[in-house]
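Colleague: First, the structure itself, so that you have it in front of you.
The values are calculated or read from the model by the stated rules, or taken from the named source; none is laboratory data. Nothing here was measured: the structure is a model prediction, and the numbers come from that model. Neighbour counts are summed over all protein chains in view; Cβ atoms, including those assigned to glycine, are modelled from backbone coordinates with ideal geometry. Note: accessible area is taken over every heavy atom of the protein model, side chains too, but ligands, DNA and RNA are not part of it. Shrake-Rupley method; radii C 1.70, N 1.55, O 1.52, S 1.80 Å.
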There are 2 protein chains.
Amino acid sequence: MFSRIDHIGVAVEQIEPALELYRDSFQLRVAHREVVEQQGVEAVLLDIGDGHVELLAPLAADTPVGRFLAKQGPGLHHVAYQVADIAQTLQALRQAGLELIDEHPRVGIRGSRVAFMHPRATAGVLTEIVEPAAGVEAH
Amino acid sequence: MFSRIDHIGVAVEQIEPALELYRDSFQLRVAHREVVEQQGVEAVLLDIGDGHVELLAPLAADTPVGRFLAKQGPGLHHVAYQVADIAQTLQALRQAGLELIDEHPRVGIRGSRVAFMHPRATAGVLTEIVEPAAGVEAH
């Protein structure tokens, strides 16, 4: 059902100090940087093996990541698993009785198609599935 | 410095309901199960691609994972990056000025050698590095 850990999402107050840690100290390569207005974040993807670390800084306090930071401070925000066919996987998750935030895929970073399950259904872990855009390999 | 995301650690109150989610609904294969007395947890590793999901249930309330659950409930607990040479990596992290919890590697699950960085140094993310035991491949 899931082929790999696609990325971990890390909520940060500001991108630049986090880049100093992940790019400079941990020596991960920056693969992509994008403002995703729809989700209210600036996001940076850094390569690690076949996967990524995704840094997420809120565009405003009244956004999902802004509220997350206000509630519990910076830290691990979500995990994303890569799937080959997101529509098929959503169908299988529904059949398994999992509560979904997104009944249908929406557009994520780098033109991927993504959907989130509800943390109530996943023991408190905000869990995303992601089908990369055609031509965008994981590394 | 880091070759891949080795695993995400997920803190849970009890192993069995979490297994129903990760093994039965998400269809991940259980690779290993171990009581790690030194860390006060029962841990289950499930395979996903080259990496793992590690479920962590506390053996008692007065353990690191027990205190984590009391403070913020079940959810993402840590991320672990795989390294080829943990002693060399610790040396490089020290030189980069990172604050470490473990100055020297200690024994982790499945005979691996592990060390944790302090979340103060890593923007709130409890970050582990892990060198697998010889002969234990990631999958």
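Colleague: If residue A:68 satisfies all but one of (1) under 25 Å from residue B:95 (Cα atoms); (2) surrounded by 14 or more Cβ atoms within 10 Å (Cβ to Cβ), what's the number of the condition it fails?
Modeller: With respect to (1) under 25 Å from residue B:95 (Cα atoms); (2) surrounded by 14 or more Cβ atoms within 10 Å (Cβ to Cβ), residue A:68 is out only on (1).
Colleague: Looking at region A:87-105, which of the residues that are more than 8 Å from chain B (Cβ to nearest Cβ) and either in contact (Cβ under 8 Å) with a residue 60 or more places away in the chain or closer than 24 Å to residue B:54 by Cβ (or both) is farthest from the chain's Cα centre (by Cα)?
Modeller: Residue satisfying both the conditions and the ranking: A:92.
This table checks each residue for (1) over 23 Å from residue B:121 (Cβ atoms); (2) within 14 Å of chain A (Cβ to nearest Cβ); (3) touching a residue at least 40 places away in the same chain (Cβ under 8 Å); (4) more than 14 Å from the chain's Cα centre (by Cα).
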position: B:42; (1), (2), (3), (4): yes, no, no, no
position: B:52; (1), (2), (3), (4): yes, yes, yes, no
position: B:60; (1), (2), (3), (4): yes, no, no, yes
position: B:64; (1), (2), (3), (4): no, no, no, no
position: B:73; (1), (2), (3), (4): yes, yes, no, yes
position: B:76; (1), (2), (3), (4): no, yes, yes, no
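Colleague: When you scan region A:120-129, do you find a residue that is of a type in the set (Asp, Glu) and part of a strand (DSSP E or B), even just one?
Modeller: For region A:120-129, residues of a type in the set (Asp, Glu) and part of a strand (DSSP E or B): present.
Colleague: Provide a single number: the residues in region A:91-107 that are in contact with a helix residue (DSSP H, G or I) (Cβ under 8 Å, 6 or more places away or on another chain) and of a type in the set (Val, Ile, Thr).
Modeller: Total satisfying the criteria: 1.
Conditions (1) farther than 26 Å from residue A:52 by Cβ; (2) at pLDDT 95 or above; (3) among the polar types (S, T, N, Q), marked per residue:
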site: B:82; (1), (2), (3): no, yes, yes
site: B:117; (1), (2), (3): no, yes, no
site: B:126; (1), (2), (3): no, yes, no
site: B:138; (1), (2), (3): no, no, no
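To keep it simple, each residue is scored yes or no on (1) within 18 Å of residue A:22 (Cβ to Cβ); (2) not aliphatic (A, V, I, L, M).
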residue: B:82; (1), (2): yes, yes
residue: B:98; (1), (2): yes, no
residue: B:105; (1), (2): no, yes
residue: B:114; (1), (2): no, no
residue: B:118; (1), (2): yes, yes
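Colleague: Taking region B:48-64, which residues are surrounded by 16 or more Cβ atoms within 10 Å (Cβ to Cβ) and out of contact with any helix residue (DSSP H, G or I) (no Cβ under 8 Å at 6 or more places or on another chain)?
Modeller: Correct list: B:48, B:49, B:50, B:51, B:52.
Colleague: Scan A:121, A:84 and give me the residue that is among the small types (Gly, Ala, Ser), more than 11 Å from chain B (Cβ to nearest Cβ) and more than 11 Å from the chain's Cα centre (by Cα).
Modeller: None of the other options fit; the residue is A:84.
Colleague: Any idea how many residues of region A:10-27 are under 11 Å from residue A:54 (Cβ atoms) and in contact with a helix residue (DSSP H, G or I) (Cβ under 9 Å, 6 or more places away or on another chain)?
Modeller: Adding up the residues that qualify gives 3.
Colleague: Working only within region A:7-40, note down all residues that are more than 9 Å from every other protein chain (Cβ to nearest Cβ), in a strand (DSSP E or B) and surrounded by 16 or more Cβ atoms within 10 Å (Cβ to Cβ).
Modeller: Within region A:7-40, A:9, A:31 qualify.
Colleague: Within the set of pairs 6+ apart or on separate chains, which have a first residue in region A:12-26 that is of a type in the set (Ser, Thr, Tyr), a second that is assigned to a helix (DSSP H, G or I), and C-beta atoms under 8 Å apart?
Modeller: As it stands, the answer is A:25/B:93, since those pairs meet every condition given.
Colleague: Kindly provide the set of residues from region B:97-117 that are on the phi < 0 side of the Ramachandran plot and open to solvent by 50 Å² or more (accessible area, probe 1.4 Å), ordered by number.
Modeller: From region B:97-117, those on the phi < 0 side of the Ramachandran plot are B:98-109, B:112-117; that's our starting set.
Hits for region B:97-117 are B:99, B:101, B:103, B:104, B:106, B:107, B:113.
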